[in-house]
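Every number here is computed from the coordinates shown, using simple stated rules; none is lab data. Keep in mind that what you see is a predicted model, and the values were worked out from it rather than measured. Cβ placement follows ideal geometry from the backbone for every residue including glycine, while neighbour counts extend to all protein chains displayed.
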Amino acid sequence: MSPDSVTFRAADANDSEFLARLLAQLGYPADADEVPGRIEALAQFPAAIALVAVIGKTVVGLITIHVFPSLHVAQPVAWITSLVVDSEHRGQGIGSALVAEAERWARENRAKRLSVSSGLQREETHRFYEARNYLRSGLRFTKAFEN
């Protein structure tokens with residue numbers, strides 16, 4: 001990947017087909033018709049963004065970041081809530097560039113730290129974050145609700 005060939009911008013409804021494909025690759029299938037509503041809901045959150053990596057007119061990566069106020073520290077904290085690079089474009093530095101953009105955005109939004117959770121089975125993902133100086137700092141516990 002040439003640094004000049006990838007650009008970053010906020011995701012929009014026109015990206016729905018690309019984003020649905022990326023979310024499926026991440027293991028979270030989504031109907032492209034649902035994606036605009038999800039983008040709109042994210043836009044309504046006070047401090048959240050969905051950034052896409054674009055080559056030409058093709059979306060090749062996605063990262064979402066949220067900044068939350070916290071009671072246990074004075075400054076807000078940030079979380080990466082999704083990161084995926086199209087399988088045809090992995091290994092070219094796009095994921096690293098998206099994480100760097102997320103870090104920049106989190107700092108601009110006064111976050112004290114940026115965290116990410118990852119499924120236990122995603123060992124390659126764990127190595128990816130550790131190579132970027134993210135430390136293993138805990139476990140995530142999840143309880144799914146029937147809706």
query = If each of His126 and Leu139 carries a label point 7 Å out from its Cα toward its Cβ, how far apart are those two points in nm?
reply = 1.2
Region 59-107 and region 37-51: distance between their alpha carbon centers, rounded to Å = 14
ask   = How big is the shadow of the Cα convex hull of region 32-81, averaged over all directions, in nm²?
value = 4.4
Per-residue HN-Hα couplings for region 47-55 [Karplus 6.51, -1.76, 1.60; θ = phi - 60°; Hz; x = Gly/Pro] = 9, 8, 8, 10, 9, 10, 9, 10, 10
The chain: calculated mean residue ellipticity at 222 nm from DSSP helix runs of at least 4, using -39500 (n - 2.57) = -9000 deg cm²/dmol
request  = With springs only between Cα atoms under 10 Å apart, run a GNM on the chain and tell me which of Asp15, Asp31, Asp86 wobbles the most.
outcome  = Asp31
query = Within a Cβ distance under 15 Å of Ala11, other residues only, what is the Lys/Arg minus Asp/Glu net charge?
reply = -3
note = If Tyr28, Tyr129 are placed from fewest to most neighbouring beta carbons inside 10 Å, the sequence is Tyr28, Tyr129
key: Most mobile listed residue (Pro36, Pro76, Pro46) in the chain, GNM with C-alpha springs under 10 Å   = Pro46
task = Might you report the magnitude of the Cβ-based charge dipole of the chain about its Cα centre, with Lys and Arg at +1 and Asp and Glu at -1, to the nearest 20 debye?
result = 760
inquiry  = Between Lys57 and Ser115, what is 0.36 nm times their sequence separation minus the Cα-Cα distance? Round to one decimal in nm.
reply    = 17.9 nm
remark   = Taking region 3-130, the equivalent ellipsoid from its C-alpha gyration tensor has semi-axes in Å, biggest first, of 23, 18, 15
The chain: antiparallel DSSP beta bridges as a percent of all, rounded to 5 = 90
